[in-house]
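Right, one structure below, let's go through it.
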Number of protein chains: 2
Amino acid sequence: MNAPLKSAEHANMHELPNPLEQLSALLKTELLDTEVEISAQMVSSVGLIPDVAHHLVDAGGKRLRPLLCIAAAKACGEVSRPAIKLAAAVEFIHSATLLHDDVVDASNLRRGLKTANLIWGDKASVLVGDFLFARAFNMMVATGSMRILDILAETSSIIAEGEVLQLASTNRGDIDRDTYFKVISSKTAALFSAASECGAISTGADESIVSAFKTYGQELGLAFQLADDALDYGGKTQELGKKVGDDFREGKPTLPMIIAIERAQEDEKEFWQKVLARKHNDEDLKTAITILRNRGAIDETLKVAQECAEKAKLALSILEESELKTCLINIADMVVARAN
Amino acid sequence: MNAPLKSAEHANMHELPNPLEQLSALLKTELLDTEVEISAQMVSSVGLIPDVAHHLVDAGGKRLRPLLCIAAAKACGEVSRPAIKLAAAVEFIHSATLLHDDVVDASNLRRGLKTANLIWGDKASVLVGDFLFARAFNMMVATGSMRILDILAETSSIIAEGEVLQLASTNRGDIDRDTYFKVISSKTAALFSAASECGAISTGADESIVSAFKTYGQELGLAFQLADDALDYGGKTQELGKKVGDDFREGKPTLPMIIAIERAQEDEKEFWQKVLARKHNDEDLKTAITILRNRGAIDETLKVAQECAEKAKLALSILEESELKTCLINIADMVVARAN
């Protein structure tokens with residue numbers, strides 16, 4: 001009688017509280033303060049700016065990066081006014097990169113809505129992205145901490161470097177794991193890491209704690225991006241929906257593809273060369289996913305993601321037990337579990 | 001016998017030393033240090049970044065903004081290491097906006113060379129622009145002055161706001177002088193102003209001197225952009241060459257056009273409505289320039305530019321006489337005289 005048991009397990013899975021929602025509930029007041037700050041900073045007499053910014057920022061993003069910042073501060077002490085500014089600044093940096101990413105990738109859809117570049121054009125997206133980025137620095141200056149400014153200025157350079165490296169890697173079949181990890185470490189993990197590190201710094205926490213949060217953010221960011229990249233090929237089990245295949249269509253060599261190329265037999269090598277050299281179609285995507293699964297590329301990607309999640313969890317062992325710590329640990333597992 | 005006299009005057013004009021070159025000669029060592037800093041900051045393991053950045057930054061820009069920064073510092077005291085970092089940072093902010101401007105305007109030519117977007121594509125220009133902007137903040141943090149960071153973060157927001165306002169004003173015949181001045185004050189004068197203000201601040205100068213340099217930069221920036229906008233229609237006397245008509249073609253309502261619309265008779269009103277509503281051709285540009293000259297729009301624009309130049313010069317009256325002060329005063333006249 002396996003079926004009923006499976007069914008029960010399944011029901012149970014759904015009853016498990018989502019650790020992200022739990023964390024948001026724990027930090028409800030601080031998140032609300034952050035939302036108020038975010039809205040206040042989008043105000044401009046130039047109407048196009050709040051139009052574009054609200055469209056993106058209100059579209060129901062998870063606020064993962066501000067949450068990390070606030071959570072780190074809360075775990076170390078008080079969530080001060082500067083920490084709220086910092087959380088909003090981190091979301092602005094993220095939003096600026098999303099606006100520019102969508103231009104670069106010529107994307108039409110984000111978070112289930114039409115992208116800003118589709119509605120207002122590439123020009124508006126580029127310039128409003130610049131505005132959000134500049135405004136982020138305004139907020140960071142308002143925190144009054146030169147150390148935080150230093151970390152976030154450096155992080156912004158690293159993000160841009162990662163984005164350029166990703167662009168330079170497009171449609172290339174010779175990208176190795178090191179390059180891939182440099183890309184995702186720069187474009188994704190660096191901001192996760194800076195958000196949690198700076199959250200801890202804002203409370204004047206011990207260096208050992210600051211370092212723990214830096215590592216937690218970095219490894220969580222890697223796990224998150226690795227799982228995302230597995231999900232873009234449907235993850236382990238998912239049906240192929242509309243959200244699948246973006247990386248493939250855009251010629252982005254992510255870890256699943258890199259592993260498949262490493263393990264490819266002659267005919268598969270030819271396939272990868274062929275699809276990276278020309279415009280792909282849906283048939284190619286189906287073939288690619290079949291090969292990826294046959295070569296264990298999704299499993300391997302998620303194994304690496306889980307290793308990062310374990311490192312993230314380990315970094316937090318320095319903290320005393322608390323509901324907040326449990327949430328952060330469960331989030332590390334959750335970001336990978338999404339793709340299982 | 002007017003002709004020989006005129007000829008002699010003309011010869012004399014050409015013999016007058018260029019005040020920008022004079023200033024560069026006075027600040028030779030400091031400018032060289034700035035160039036070294038600029039080159040050092042373009043280094044990245046991602047090869048596309050120095051490729052794009054060097055193409056733009058080495059293309060022989062006048063380094064007007066770094067010069068203002070260094071000149072202000074020199075006029076107030078010592079040009080310190082932080083002042084050099086600041087000068088390089090200001091040039092990076094400017095370069096980042098140029099990369100993004102060329103994408104937004106779909107430009108093919110800048111400083112006589114193919115634009116970066118034409119060579120490497122819009123994507124690379126957007127992302128390398130982001131990198132230069134982030135790197136500028138790295139350098140500003142390295143100056144160690146929270147006040148300077150505050151001014152330049154605010155300036156960066158203002159620049160982006162001005163760029164968005166300019167975009168929102170495109171192809172509109174109802175833009176008034178106030179909106180135009182908000183655009184040029186934001187997109188151009190703000191960085192001139194911040195560069196000279198922060199140069200003075202870097203030496204610990206008196207607030208009265210800091211304020212003088214802030215005003216000088218602001219008014220010089222306005223004069224510079226007004227003259228540029230007159231030059232885009234050939235200035236007072238210039239032959240129409242390749243460099244003329246960009247603003248017209250891009251549907252940017254600058255002061256010459258705004259004045260011409262203010263003073264337009266019925267048939268001219270129709271003309272402006274017509275050309276702002278559709279794609280323009282070279283014949284339209286010729287007609288536009290004829291109307292602009294008949295309505296005195298170029299003369300009036302340059303009169304306003306000269307008024308700004310006078311305000312810039314007046315601001316410097318607080319300084320003791322020096323060769324450097326004379327250069328700065330002559331530069332204010334020069335930026336307008338270009339269009340005469």
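The values are calculated or read from the model by the stated rules, or taken from the named source; none is laboratory data. These numbers come from a predicted model, not from an experiment. We place every Cβ from the backbone using ideal geometry, glycine too, and count neighbours over all the protein chains shown.
Could you list, in sequence order, all residues of segment B:161-214 that are in contact with a Gly (Cβ under 6 Å, 6 or more places away or on another chain) and without any contact (Cβ under 8 Å) to a residue 60 or more places away in the chain?
B:Val183, B:Ser186, B:Thr188, B:Ala189, B:Ser193
Which count do you get for residues in segment B:32-63 that are away from every other protein chain (no Cβ under 14 Å), under 20 Å from the mean Cα position of the chain (by Cα) and buried (at least 21 other Cβ atoms within 10 Å of the Cβ)?
Final tally of qualifying residues: 5.
Which of (1) touching a helix residue (DSSP H, G or I) at 6+ places or on another chain (Cβ under 7 Å); (2) touching a residue at least 12 places away in the same chain (Cβ under 8 Å) is the odd one out, the single condition A:Val141 does not satisfy?
Here A:Val141 meets the rest and fails (2).
I'm checking my understanding of the structure. Among residues of segment A:103-117 that are surrounded by fewer than 15 Cβ atoms within 10 Å (Cβ to Cβ) and either closer than 18 Å to A:Leu167 by Cα or of a type in the set (Lys, Arg) (or both), which one is modelled with the highest pLDDT?
Looking at the filtered set, the residue picked out is A:Lys114.
Just wondering, is there one or more residues in segment A:249-262 that are surrounded by fewer than 19 Cβ atoms within 10 Å (Cβ to Cβ) and touching a His at 6+ places or on another chain (Cβ under 9 Å)?
Pass one, segment A:249-262, residues surrounded by fewer than 19 Cβ atoms within 10 Å (Cβ to Cβ): A:249-251, A:262.
Those still in the list that are touching a His at 6+ places or on another chain (Cβ under 9 Å) too: A:249, A:251.
Among the residues of segment A:249-262, at least one is surrounded by fewer than 19 Cβ atoms within 10 Å (Cβ to Cβ) and touching a His at 6+ places or on another chain (Cβ under 9 Å), which makes the answer yes.
Can you tell me which residue in segment A:175-214 is nearest to B:Leu127 (Cα to Cα), limited to those that are among the charged types (D, E, K, R) and surrounded by fewer than 24 Cβ atoms within 10 Å (Cβ to Cβ)? Full working, then the answer.
Narrowing segment A:175-214 to residues among the charged types (D, E, K, R): A:176-178, A:182, A:187, A:197, A:206-207, A:214.
If we keep only those that are surrounded by fewer than 24 Cβ atoms within 10 Å (Cβ to Cβ) too, we end up with A:176-178, A:182, A:187, A:206-207, A:214.
Values: A:Asp176: 22, A:Arg177: 23, A:Asp178: 21, A:Lys182: 16, A:Lys187: 12, A:Asp206: 36, A:Glu207: 33, A:Lys214: 26 Å.
Only one residue tops the list, namely A:Lys187.
For segment A:304-340, enumerate the residues that are more than 19 Å from A:Arg63 (Cα to Cα) and part of a loop (DSSP other than H, G, I, E, B).
Result: A:Leu319, A:Glu320, A:Glu321, A:Ser322, A:Ala339, A:Asn340.
Output the number of residues of segment A:209-240 satisfying the condition of being closer than 18 Å to A:Ile159 by Cα and small (Gly, Ala, Ser).
3
Which members of segment B:80-105 meet the condition of being among the hydrophobic types (A, V, I, L, M, F, W, C) and within 13 Å of chain A (Cβ to nearest Cβ)? Outline the logic, then answer.
Step one: list which residues in segment B:80-105 are among the hydrophobic types (A, V, I, L, M, F, W, C), which gives B:83-84, B:86-90, B:92-93, B:96, B:98-99, B:103-104.
B:Ala89, B:Phe92, B:Ile93, B:Ala96, B:Leu98, B:Leu99, B:Val103, B:Val104 - these are the residues of segment B:80-105 that are among the hydrophobic types (A, V, I, L, M, F, W, C) and within 13 Å of chain A (Cβ to nearest Cβ).
Considering only residues that are modelled with pLDDT of 95 or more and of a type in the set (Gly, Ala, Ser), which ones fall in segment B:41-70?
Listed by number, the list is empty, since nothing qualifies.
Condition test on B:Ala25, is it more than 9 Å from chain A (Cβ to nearest Cβ) and touching a residue at least 12 places away in the same chain (Cβ under 8 Å)?
Criteria not met by B:Ala25.
Out of all the residues in segment B:238-255, is one or more farther than 30 Å from B:Met140 by Cβ and among the polar types (S, T, N, Q)?
Yes, there is a match, as at least one residue in segment B:238-255 is farther than 30 Å from B:Met140 by Cβ and among the polar types (S, T, N, Q).
Kindly check whether there is at least one residue in segment A:281-296 that is closer than 20 Å to A:Thr170 by Cα and not in a helix (DSSP H, G or I).
yes
If you scan segment B:104-129, which residues turn out to be acidic (Asp, Glu) and either without any contact (Cβ under 8 Å) to a residue 60 or more places away in the chain or out of contact with any Asp or Glu (no Cβ under 9 Å at 6 or more places or on another chain) (or both)? Break it down into steps so the answer makes sense when it comes.
In the first step, residues of segment B:104-129 are kept if they are acidic (Asp, Glu); the result is B:105, B:122.
Of everything in segment B:104-129, just one residue is acidic (Asp, Glu) and either without any contact (Cβ under 8 Å) to a residue 60 or more places away in the chain or out of contact with any Asp or Glu (no Cβ under 9 Å at 6 or more places or on another chain) (or both), namely B:Asp122.
Any idea which of B:Ala124, B:Ala83 is more than 23 Å from A:Ser125 (Cα to Cα) and among the aliphatic types (A, V, I, L, M)? Step through it out loud before you land on a result.
Details: B:Ala124 fails: more than 23 Å from A:Ser125 (Cα to Cα).
Criteria check complete, one pass: B:Ala83.
Looking at B:Leu67, is it more than 14 Å from chain A (Cβ to nearest Cβ) and not hydroxyl-bearing (Ser, Thr, Tyr)? Before the answer, list the steps.
Values: more than 14 Å from chain A (Cβ to nearest Cβ): yes; not hydroxyl-bearing (Ser, Thr, Tyr): yes.
The answer is yes for B:Leu67.
Tell me which residues, restricted to segment A:159-174, are surrounded by 22 or more Cβ atoms within 10 Å (Cβ to Cβ) and not polar (S, T, N, Q).
A:Ile159, A:Ala160, A:Glu161, A:Gly162, A:Glu163, A:Val164, A:Leu165
Any chance you could count how many residues in segment B:112-154 are more than 9 Å from every other protein chain (Cβ to nearest Cβ), within 22 Å of B:Ser193 (Cα to Cα) and β-branched (Val, Ile, Thr)?
Qualifying residue count, segment B:112-154: 3.
So, in segment A:275-308, of the ones that are among the aliphatic types (A, V, I, L, M) and under 18 Å from A:Arg177 (Cα atoms), which residue ends up modelled with the lowest pLDDT?
Kept after step one, since they are among the aliphatic types (A, V, I, L, M), are these residues of segment A:275-308: A:275-277, A:285, A:288-289, A:291-292, A:297-298, A:302, A:304-305.
Next cut, under 18 Å from A:Arg177 (Cα atoms) only: A:276, A:292, A:297-298, A:302, A:304-305.
Numbers: A:Leu276: 86, A:Leu292: 93, A:Ala297: 95, A:Ile298: 95, A:Leu302: 96, A:Val304: 98, A:Ala305: 98.
The residue in question is A:Leu276.
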